[in-house]
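The values are calculated or read from the model by the stated rules, or taken from the named source; none is laboratory data. Keep in mind that what you see is a predicted model, and the values were worked out from it rather than measured. All Cβ positions, even for glycine, are placed from backbone atoms using ideal geometry, and neighbour counts span all protein chains on display. The accessibility values were calculated without ligands, DNA or RNA, using every heavy atom of the protein model including side chains. Shrake-Rupley method; radii C 1.70, N 1.55, O 1.52, S 1.80 Å.
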Amino acid sequence: MIVVMKKGATPQQIQHMIERVEALGLKSHPIYGTERTVIAAIGEKRDEHRQSLESGPGVAEVVPILAPYKVASREVKPEPTVVRAGSLTVGNCNLGMIAGPCSVENQEQTISTARAVKAAGATALRGGAFKPRTSPYSFQGLKEEGLKILADAREETGLAVVTEVMAATDVALVGRYADVLQVGARNMQNYRLLEEVGKEGKAVLLKRGPSATMDELLLAAEYVLNAGNPNVMLCERDIRTFESHVRFSLTLSSVPYLHERTHLPVVVDPSHGTGHTNLVTRMAAAAVAAGADGLMIEVHPDPETALSDGYQSLNFKQFEELMQLCRKVADAVGKKIA
Ligand code: PEP
Ligand code: MN
């Protein structure tokens, strides 16, 4: 249920209704919009309290939430959420550009990439220190040493750091170094991890699982939001299909679909989404045209020698070309690279 307060409802009336919702055994989730405040009332048997809440002071109406996700839905918060984390701004008219290596391999590789992507106009640095690899024999990441390298790169370039956290027990450690905690595709439904990143307070980039539906993605985001963290970005990185000419199938229709259903910003990752360097730039531009609020692009000084995902990484020159093309498309669709 959503308790929609009248325009001009007083802070006392809002507080009173939050307490009423909680006294009924429901979880209250107030959202203070520019136009008006709404209070999402979440819990079992919530509809039976509808009438009693409707008579509360300052209440305009009480409406059921139809979507299975509540706090993530547009019904609860019509205006788009803008997520800010250091140099990165994502959402509404702001197009965030997150770029960097798949894995942090060493100081030189990471710092030189950070410098190059910043010079080309990126607004955040990505890089994995904890790597989810299909094979236990593949490079697993430098872990805390990698996090320190990322923090050094931020120190030098001013770029916000986006990096993956794979386990609930690592959230505090990764949170000490990162500006944005990335939850990877394989972990989208790791609910303990989602709760922990929700409590940590840093912005979260939640990647879609390769077999997850839109509803499952939004319900996963709901775990983070319910833990008290409103700064969630969804990341479309695509699903596994029968098609074999790409690593995954990039379903860009999810961008406008998600914008209809949720206020959360949508970032697209055409690097994992295609799995081929030569497809990344044009799919990045297509994502911006589809309304993406951000892009995440893998960039490496020498993709051929990368310890992970070199076959889908851009070199510095290719990234510069991507930025030039995306800037033009962003201009055309009314977005600015923040
Ligand atoms: C990554 O961003 O490097 C990564 C491992 O992504 P995904 O979780 O989408 O596979
Ligand atoms: Mn990768």
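Could you tell me whether T169 is assigned to a loop (DSSP other than H, G, I, E, B) and not charged (D, E, K, R)?
no
If S308 passes every condition in (1) within 16 Å of ligand 2 (Cβ to nearest atom); (2) under 21 Å from the mean Cα position of the chain (by Cα) but one, which one does it miss?
(2)
What's the total number of residues in the range 243-294 that are within 14 Å of ligand 2 (Cβ to nearest atom) and within 21 Å of Q182 (Cα to Cα)?
The total comes to 10.
Mind listing just one residue for me: the one in the range 301-316 that is under 16 Å from S271 (Cβ atoms) and in a helix (DSSP H, G or I) and, of those, most open to solvent (accessible area, probe 1.4 Å)?
Here the answer is E304.
Being touching a residue at least 60 places away in the same chain (Cβ under 8 Å) and within 16 Å of ligand 2 (Cβ to nearest atom) narrows it down to one of L218, L205, so name that one. Walk me through it before giving the result.
Numbers: L218 fails: within 16 Å of ligand 2 (Cβ to nearest atom).
So the residue among L218, L205 that is touching a residue at least 60 places away in the same chain (Cβ under 8 Å) and within 16 Å of ligand 2 (Cβ to nearest atom) is L205.
I need the full set of residues from the range 167-207 which are among the β-branched types (V, I, T) and within 16 Å of ligand 1 (Cβ to nearest atom), in order please.
V174, V180, V183, V197, V204 - these are the residues of the range 167-207 that are among the β-branched types (V, I, T) and within 16 Å of ligand 1 (Cβ to nearest atom).
If you go through the range 95-107 one residue at a time, do you hit one that is over 11 Å from V299 (Cα atoms), of a type in the set (S, T, Y), assigned by TED's automatic domain parsing to the domain that holds H263 and within 12 Å of ligand 2 (Cβ to nearest atom)?
Checking the range 95-107: not a single residue is over 11 Å from V299 (Cα atoms), of a type in the set (S, T, Y), assigned by TED's automatic domain parsing to the domain that holds H263 and within 12 Å of ligand 2 (Cβ to nearest atom).
Looking only at the range 33-75, filter to residues that are closer than 21 Å to A220 by Cβ and among the basic types (K, R); which one of those is surrounded by the fewest Cβ atoms within 10 Å (Cβ to Cβ)?
R74
Does any residue of the range 155-175 turn out to be more than 16 Å from ligand 2 (Cβ to nearest atom), in contact (Cβ under 8 Å) with a residue 24 or more places away in the chain, of a type in the set (A, V, I, L, M) and closer than 22 Å to K70 by Cα?
The answer is no; no qualifying residue exists.
Looking only at the range 123-140, count how many residues are within 22 Å of the chain's Cα centre (by Cα) and either outside the structural domain of V174 (by TED's automatic domain parsing) or within 16 Å of ligand 2 (Cβ to nearest atom) (or both).
Counting residues in the range 123-140 that are within 22 Å of the chain's Cα centre (by Cα) and either outside the structural domain of V174 (by TED's automatic domain parsing) or within 16 Å of ligand 2 (Cβ to nearest atom) (or both) gives 10.
Can you tell me which of L66, L88, L142, L125 is hydrophobic (A, V, I, L, M, F, W, C) and without any contact (Cβ under 8 Å) to a residue 12 or more places away in the chain?
Answer to the check: L66.
Considering only residues that are within 12 Å of ligand 2 (Cβ to nearest atom) and out of contact with any Asp or Glu (no Cβ under 6 Å at 6 or more places or on another chain), which ones fall in the range 295-305?
Filtering the range 295-305 down to residues within 12 Å of ligand 2 (Cβ to nearest atom) leaves 296-300, 303.
The answer is I297, V299, H300, P303.
Wholly within the range 76-161, which strands (runs of 3 or more DSSP E) include no fewer than the required count, namely at least 1 residues that are within 13 Å of ligand 1 (Cβ to nearest atom) and either surrounded by 21 or more Cβ atoms within 10 Å (Cβ to Cβ) or modelled with pLDDT of 95 or more (or both)?
94-100, 124-126
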